[in-house]
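J.: To start, I am sharing the structure in question, which I have written as structure tokens.
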Amino acid sequence: MKVLVTENLVSGYGRVQVLYDVSVSLDEGMVLGIVGPNGAGKTTLIRTILGLVKPWKGRIMYLGRDITGLKTSEVVRLGIGYCPERGGILRTLTVRENIELVLSVKPGAHEMLREVYKLFPILNERANQIAGTLSGGEQRMLSLAKALLLADKLILLDEPSAGLAPVLKEKLTEKLAYINRELGISLLIAEQDPALITKVAREACIMERGTIVRKGSIDELLRGEVLREHYLGL
């Protein structure tokens, strides 16, 4: 079953077009990487799917339902989690209050809470700590935990490894693999660093200047000459 499909998606900001006929599809239980340099349109694609940027043309389907043009609040209520590159937490609230806010929006997420604390035990340990005082890596884990609580079938991740030290990137990779493999959540990961994608995803798209220029398996795209040509510009 297709969890997510975008068909010839066009969007942008004001009069500036960023996406040009972007079509991607994500099967249930799949991890799809969207790889490309800064400014390729990866973030705009994520934000358009989520409803933060309104599509100009094209269609977005989630679990067979047309969600094109829905408000972000409506998209989230359908069970799509979102982990942005920065933010995703309320910095002046405690860790517990951040999580309780999600539970108030989605009461059914209580069933996932034990799994969240198993996956991110540091959040249970720091429950009473103000979220803005957490380390960068801990804040990213809290943001991902909130996305997981909201998600039924899909999480959208925008540059999840940005700003993280190598050891934290490795831990993040393990968490993402677990979420997909053990919890059955599909992941759409927009990422500038192809190293994370190669460890988590089986398929990827290479994005340049608002278009998908190549699609295929990780072995085909992110190793060898294709990566050198499209991503590194060599």
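Bear in mind that the values in this text are calculations on the coordinates, not laboratory data. Just so it is clear, the structure is predicted and the values come from calculations on it, not from any experiment. Note that each Cβ is placed from the backbone with ideal geometry, even for glycine, and that neighbours are counted across all protein chains shown.
J.: Lys and Arg at +1, Asp and Glu at -1: add these up for the other residues within a Cβ distance under 12 Å of residue 203 and post the number.
T.: Details: positive: 202, 214, 215; negative: 27, 219, 220.
Taking every other residue near residue 203 into account, the sum is 0.
J.: Give the order of 212, 155 when sorted by the count of other beta carbons within 10 angstrom, beginning with the fewest.
T.: Details: 212 22, 155 26.
Taking fewest neighbouring Cβ atoms as first place, the list is 212, 155.
J.: So what is the 222 nm mean residue ellipticity for the chain from helices alone, if each DSSP H run of at least 4 adds -39500 (n - 2.57) and you divide by all residues, rounding to the nearest 500 deg cm²/dmol? Kindly include the intermediate steps, with their values, before the conclusion.
T.: Details: 10 runs with 91 residues, N = 234.
The helix contribution divided over the chain gives -11000 deg cm²/dmol.
J.: Determine ³J(HN,Hα), in whole Hz, for all residues of region 36-45 in sequence, where each value follows from phi through the Karplus function 6.51 cos²θ - 1.76 cosθ + 1.60 and θ = phi - 60°; x replaces Gly and Pro.
T.: x, x, 4, x, 6, x, 4, 5, 4, 4
J.: In bins 10 Å wide, starting from 0, what share of all Cα pairs of the chain does each bin hold, as a percent?
T.: 8, 34, 37, 19, 3, 0
J.: Please report the net charge: other residues with Cβ closer than 14 Å to the Cβ of residue 13, K and R +1, D and E -1.
T.: On the way: positive: 15, 47, 54; negative: none.
With Lys, Arg at +1 and Asp, Glu at -1, the net is +3.
J.: Right, here's the next one. Pulled fully out, how much extra length does the chain show between residue 193 and residue 28, if you take 0.36 nm times their separation in residues and subtract their Cα-Cα distance? Don't skip to the answer; put the middle values down first.
T.: On the way: separation 165, 0.36 × 165 = 59.40 nm, distance 2.42 nm.
Once the chain is fully extended between residue 193 and residue 28, it gains 57.0 nm.
J.: What ranking do 143, 217, 25, 104 get, fewest neighbouring Cβ atoms within 10 angstrom at the top?
T.: Result, fewest neighbours first: 104, 217, 25, 143.
J.: How do 185, 34 rank when sorted from fewest to most other Cβ atoms within 10 Å of their own Cβ?
T.: On the way: 185 24, 34 27.
Starting with the residue having the fewest Cβ neighbours, the order is 185, 34.
J.: Round to a whole angstrom and tell me the spacing of the C-alpha centers of region 1-48 and region 58-112.
T.: Cα centres, region 1-48 to region 58-112: 18 Å.
J.: Residue separation times 0.36 nm, minus the C-alpha to C-alpha distance between residue 20 and residue 72: what's the value?
T.: Details: separation 52, 0.36 × 52 = 18.72 nm, distance 2.16 nm.
Here the answer is 16.6 nm.
J.: Anyone know which of 14, 64, 132 comes out most mobile in the 10 Å Cα GNM of the chain?
T.: Comparing 14, 64, 132 in the GNM, the peak value goes to 14.
J.: Then there is this: Relative contact order of the chain, please, whole-number percent, based on alpha carbon pairs below 8 angstrom and at least 6 residues apart. Each step should come with its number before you reach the end.
T.: On the way: 453 pairs, mean separation 65.7, N = 234.
With pairs under 8 Å counted, the relative contact order is 28 percent.
J.: So which trypsin sites (Lys or Arg not before Pro) in region 4-88 pass both tests, a DSSP loop state and at most 14 other Cβ atoms within 10 Å of the Cβ? The partial results should precede the final answer.
T.: On the way: sites: 15, 42, 47, 57, 59, 65, 71, 77, 86; in loops: 15, 71, 86.
Sites meeting the loop and neighbour criteria: 15, 71, 86.
J.: Moving to a separate point now. Report the calculated FRET efficiency for residue 128 and residue 52 (r = Cβ-Cβ distance, R0 = 35 Å), to the nearest 0.05.
T.: Working: r = 31 Å, r/R0 = 0.89.
Efficiency, rounded to the nearest 0.05: 0.65.
J.: Once you've got the Cα coordinates, tell me which of 2/57; 118/215; 54/171; 54/146 are over 31 Å apart.
T.: Values: 2/57 21 Å; 118/215 35 Å; 54/171 34 Å; 54/146 24 Å.
The pairs that break the limit, which is 31 Å between Cα atoms, are 118/215; 54/171.
J.: A further question follows. Over 5 Å intervals from 0, what percent of Cα-Cα pairs in region 30-167 sits in each interval?
T.: Distribution as computed: 2, 10, 18, 21, 20, 15, 9, 4, 1, 0 percent.
J.: Read phi for every residue in region 117-134 and hand back ³J(HN,Hα) as whole Hz from Karplus 6.51 cos²θ - 1.76 cosθ + 1.60, θ = phi - 60°, with x for Gly and Pro.
T.: 6, 5, 6, 10, x, 4, 5, 5, 5, 9, 3, 9, 8, 5, 4, x, 9, 5
J.: Additional query: Work out from phi, with θ = phi - 60° and the Karplus expression 6.51 cos²θ - 1.76 cosθ + 1.60, the ³J(HN,Hα) of each residue of region 63-77, listed in order in whole Hz, and give x for Gly and Pro.
T.: 6, x, 9, 6, 10, 4, x, 5, 5, 4, 4, 6, 5, 5, 5
J.: While we're looking at this one, here's another question. Rounded to the nearest 5, what % of DSSP beta bridges with both residues in the chain are antiparallel?
T.: Values: 23 of 41 bridges.
Among the beta bridges of the chain, antiparallel pairing accounts for roughly 55 percent.
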